[in-house]
Amino acid sequence: MMIMNKILSILFLFSLFSVKGQDANVAICMSKTTYIIFSNQIKEYNVGTREVQVHTHLISSNVLSMQAKPGVTDKNYIKTNLFVLLNDGTIYYFDVVLNDTLSSYMYNYSQTVIDGAQSIVLLPTEAKKDTTPEYSEYYAAMEKINDMFVNATNTIQGVTYSIQAVGYKDGLLFFKFMLKNSTGIDFDIEYIKFMKQLKKKKNRQSIQEVELPILGHQKYSSKLEKGQSQVFIFVLEKITLGKNEEMVIDIKESRGERNFNEIIPAFFITDAKKL
């Protein structure tokens with residue numbers, strides 16, 4: 001009887017959602033970005049492999065962008081799926097296939113028809129409160145801390161990332177890192193995200209990751225010109241990592257491939273300097 005009640009409860013929960021996208025394919029490739037436009041804001045998404053980059057759009061909260069990571073080919077790509085949950089409870093799931101021969105990589109699930117013409121509905125991301133003044137005192141303290149970690153750097157095509165310090169105060173974590181552009185080509189930042197995910201293992205093809213909410217950050221320019229360097233300070237809630245978990249800073253270049261996916265070891269957090 002208890003088992004039957006559990007089954008009925010699960011069926012009831014699924015009845016609350018509208019499921020769409022069965023037997024639908026979404027094509028991705030390495031040289032182009034795939035965009036999926038939905039009719040409502042995206043609440044949650046998940047993709048089954050590390051070889052596919054998936055992000056919500058910075059400006060439009062109902063747009064999902066996808067791209068195959070560099071080095072992915074027909075020979076080493078393992079077909080996976082994409083799950084998307086919208087704010088209105090609608091669920092979509094797709095098979096994600098590798099295909100670099102299409103003329104268009106846009107999938108529009110927000111289409112409306114007006115006088116025979118199709119239109120695309122873009123929903124603006126909700127404006128976030130400017131929290132810079134709230135943390136200005138802590139930013140000043142973080143600016144004085146440098147080089148807590150040795151050799152925590154990475155350079156991709158002339159752009160160098162280095163994490164300089166992690167601070168802690170009143171249940172908050174402060175992450176300070178620097179980007180330097182040593183090339184003649186501008187480095188334009190599309191977004192900066194912090195993620196928590198399971199550590200990669202040889203026999204694990206799927207990925208489980210959670211985007212961590214950013215509470216605030218010191219104001220910064222999204223463009224680094226030739227020879228420029230810039231320090232970034234971000235504020236997150238206190239977080240501790242499990243044995244098989246790791247934290248990642250994800251920095252995406254707009255219209256470029258100099259993308260950083262940098263692991264923050266657990267001891268960087270446990271050794272955070274008290275402000």
Checklist entry - Measuring from a point 7 Å past the Cα of residue 221 along Cα-to-C-beta, which residues in the stretch 152-171 have an amide N at less than 18 Å? => result 159-161
Next on the checklist: For residue 226, give me every one of the aspartates and glutamates with a C-alpha distance below 16 angstrom, ignoring sequence neighbours fewer than eight places off in its own chain.
Outcome noted: 186, 188, 253
Checklist entry - Whole number please: convex hull volume per residue of the Cα set in the stretch 131-275, in Å³? => result 120 Å³
Item to check | Computed FRET value (nearest 0.05) for residue 155 with residue 195, which takes r as the C-beta separation and R₀ as 22 Å | outcome: 0.55
Item to check | Calculated FRET efficiency for the pair residue 146/residue 75, C-beta based, R₀ 41 Å, to 0.05 | outcome: 0.40
Item to check | List 161, 138, ordered by accessible area with a 1.4 Å probe, largest first | outcome: 138, 161
Item to check | Listed pairs 75/193; 32/75; 43/79 exceeding 21 Å between Cα atoms | outcome: 75/193; 43/79
Checklist entry - Residue separation times 0.36 nm, minus the C-alpha to C-alpha distance between residue 83 and residue 104: what's the value? => result 5.4 nm
Checklist entry - Rounded to the nearest 0.05, what FRET efficiency is calculated for residue 244 and residue 95 with R0 set to 30 Å and r the Cβ-Cβ distance? => result 0.60
Next on the checklist: Given points 7 Å out from each Cα along the Cα-Cβ axis, report the residue 261 to residue 230 separation in nanometres with one decimal.
Outcome noted: 2.3 nm
Next on the checklist: Set the bar at 23 Å for Cα to Cα. Now go through 199/274; 196/252; 69/176 and name every pair that lies beyond it.
Outcome noted: 199/274; 69/176
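The values are calculated or read from the model by the stated rules, or taken from the named source; none is laboratory data. These numbers come from a predicted model, not from an experiment. So basically every Cβ, Gly included, is an ideal-geometry build from the backbone, and we count neighbours across all protein chains shown. Each accessible area value is taken on the protein alone, full model and side chains, heavy atoms only, with ligands, DNA and RNA left out. Shrake-Rupley method; radii C 1.70, N 1.55, O 1.52, S 1.80 Å.
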